[in-house]
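Here the structure comes first, spelled out in structure tokens, and everything after it is commentary.
The values are calculated or read from the model by the stated rules, or taken from the named source; none is laboratory data. Just so we're clear, the structure is a prediction, and the values are computed from it rather than from any experiment. FYI the Cβ positions are ideal-geometry reconstructions off the backbone, even for glycines, and counts take in every protein chain you see.
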Amino acid sequence: MDFKQRVAALLLCLPALFLSAQSKAPENWFTKDQSKDGVQGTSSDQTLAALKAKGKKGQTIVVAVLDSGIDYKHEDLKDIMWVNPGEIPDNGIDDDKNGYVDDIHGWNFLGGPNGESVAHETLEMTREYARLSKKFNGTNGKNLYGDAKKEYDYYLEVKEAYEEARARAEGMKEQIASQFVKFENAFALITKSSGKANFTLDDLAKMDAGSNEELKDAITLSQRVMAQGLTPENLAEQKKEASAYADGQLQYNLNPDYNPRTIVGDDPNDLSNRFYGSNEYRGPDAGHGTHVAGIIAAIRNNDIGIDGIADNVRIMTVRCVPDGDERDKDVANAIRYAVDNGASIINMSFGKGYSPDKAYVDEAVKYAAEHDVLLVHAAGNDAENNDKTAISRTTSTSRL
Ligand SMILES: [Ca+2]
Ligand SMILES: [Ca+2]
Ligand SMILES: [Ca+2]
């Protein structure tokens with residue numbers, strides 16, 4: 001469950017969406033096998049054991065993780081990070097002349113020359129809204145024909161989606177605030193009645209509210225939210241996180257005036273420029289990319305963290321996904337970087353509903369295919385039929 005779903009679960013108090021140990025999956029479940037272990041994983045444990053029994057060693061494969069950056073010093077990843085063989089670290093020289101200076105473990109297309117990196121971004125929908133609003137503001141479309149009319153109709157579609165998303169985010173902000181007041185009040189009442197500041201679900205089960213309806217309601221609500229992982233200890237922190245998530249949407253993702261690209265210093269609309277960014281592989285929030293890299297290739301059977309799905313992998317990190325929507329330019333350049341530097345597989349666990357420079361990405365995809373590189377891309381978290389509709393156009397689905 002990602003953070004968005006957790007917030008939604010808390011807001012709706014859905015008892016089915018448990019966060020806690022009650023629905024804890026078996027360790028390394030994704031490497032298990034349905035028939036052998038009774039777990040619907042990828043069967044990679046079984047497959048690797050079978051290959052080993054046959055004496056097959058396989059060859060080392062480079063997997064490029066196009067994501068939010070990777071904690072390349074992580075104890076379960078540091079020894080399997082890809083190392084650029086032609087590059088001497090930290091000498092300020094592009095030794096292998098691939099266009100990227102000191103790119104040892106990959107590249108960060110959201111990095112700037114002074115070491116800073118883009119953290120938050122607008123959604124592509126917001127960028128399209130900003131661009132088209134400038135063009136069509138005050139126009140009613142009456143005297144437009146052909147391509148101009150088509151673009152105007154597209155503007156109206158984007159405008160409607162944007163305004164809807166903005167209203168929803170504002171509503172969510174209010175809802176989070178009011179829901180947390182309810183949780184706080186319920187917890188306070190229980191503390192008052194039980195004398196315990198840090199009560200548990202067991203404590204709640206033992207409480208007898210008698211004819212006190214208010215306390216009865218407080219117990220019911222607390223049981224629901226605590227089943228989803230909220231506790232008296234983490235209430236304040238969870239409130240802060242949920243509020244920050246709602247604020248972030250309004251401040252960054254859905255703010256047409258927000259432009260963090262000055263950090264990178266390139267012209268994001270100049271698609272011909274491939275060489276920008278930095279070697280800050282981690283970026284401001286490498287959580288998602290590290291998580292993805294770990295599932296793919298965390299060192300197996302070392303008693304540290306998890307077992308990755310595959311053995312014999314080197315992870316190349318190519319950062320192109322901010323908090324918000326990735327840009328087509330960066331995605332295309334990240335694909336080309338991965339292909340040119342020896343990746344056999346490119347993992348892309350992200351997605352968005354609008355893609356104004358899709359043609360540029362398509363060219364990079366073809367380039368990867370011509371070089372026999374396998375591209376793996378997420379289908380979204382929203383249960384949309386992507387054959388019929390684009391990935392949800394009104395919410396950011398970056399980092400899937
Ligand atoms: Ca280089
Ligand atoms: Ca160098
Ligand atoms: Ca491990």
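Computed quantities for the displayed model
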item	result
Where residue 79 falls short, out of the listed (1) part of a loop (DSSP other than H, G, I, E, B); (2) more than 16 Å from ligand 2 (Cβ to nearest atom)	(1)
Among residues of segment 93-121, those that are assigned to a loop (DSSP other than H, G, I, E, B) and within 11 Å of ligand 1 (Cβ to nearest atom), counted	12
Qualifying residue in segment 181-196 (condition: in the same structural domain as residue 238 (by TED's automatic domain parsing) and over 18 Å from residue 231 (Cα atoms))	no
Residue under evaluation residue 346, criteria (1) closer than 21 Å to residue 128 by Cα; (2) part of a strand (DSSP E or B); (3) of a type in the set (A, V, I, L, M), criterion not met	(1)
Count of residues meeting criterion [more than 7 Å from ligand 2 (Cβ to nearest atom) and either farther than 10 Å from residue 281 by Cβ or modelled with pLDDT under 95 (or both)] in segment 96-113	9
Candidates 58, 69, 41, filtered to the one that is modelled with pLDDT under 95 and either more than 15 Å from ligand 2 (Cβ to nearest atom) or part of a helix (DSSP H, G or I) (or both)	58
Residue pairs meeting the criteria (Cβ under 7 Å; at least 6 apart or on separate chains; first more than 23 Å from residue 260 (Cα to Cα), in segment 85-110; second at pLDDT 95 or above and small (Gly, Ala, Ser))	95/86; 96/86; 102/92
Subset of segment 65-95 [surrounded by 20 or more Cβ atoms within 10 Å (Cβ to Cβ), away from ligand 3 (no atom under 15 Å from the Cβ) and farther than 16 Å from residue 283 by Cα]	82, 84, 87
Boolean, residue 317 is assigned to a strand (DSSP E or B) and either under 30 Å from residue 47 (Cβ atoms) or touching a Ser or Thr at 6+ places or on another chain (Cβ under 9 Å) (or both)	yes
Residue in segment 123-143 that is exposed (fewer than 13 other Cβ atoms within 10 Å of the Cβ), free of Cβ contacts under 8 Å to residues at least 40 places away in the same chain and assigned to a helix (DSSP H, G or I) present	yes
Residue in segment 325-339 that is away from ligand 1 (no atom under 16 Å from the Cβ), surrounded by 22 or more Cβ atoms within 10 Å (Cβ to Cβ), not in a helix (DSSP H, G or I) and not charged (D, E, K, R) present	no
Qualifying position, being surrounded by fewer than 22 Cβ atoms within 10 Å (Cβ to Cβ) and either free of Cβ contacts under 8 Å to residues at least 24 places away in the same chain or within 16 Å of ligand 3 (Cβ to nearest atom) (or both), among 150, 173, 159	150
Test for residue 342: is it under 21 Å from the mean Cα position of the chain (by Cα) and surrounded by fewer than 21 Cβ atoms within 10 Å (Cβ to Cβ)	no
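Yes or no, residue by residue, for (1) under 27 Å from the mean Cα position of the chain (by Cα); (2) of a type outside the set (Gly, Ala, Ser):
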{"residue": "58", "(1), (2)": "no, no"}
{"residue": "73", "(1), (2)": "yes, yes"}
{"residue": "77", "(1), (2)": "yes, yes"}
{"residue": "81", "(1), (2)": "yes, yes"}
{"residue": "87", "(1), (2)": "no, yes"}
{"residue": "104", "(1), (2)": "yes, yes"}
{"residue": "116", "(1), (2)": "yes, yes"}
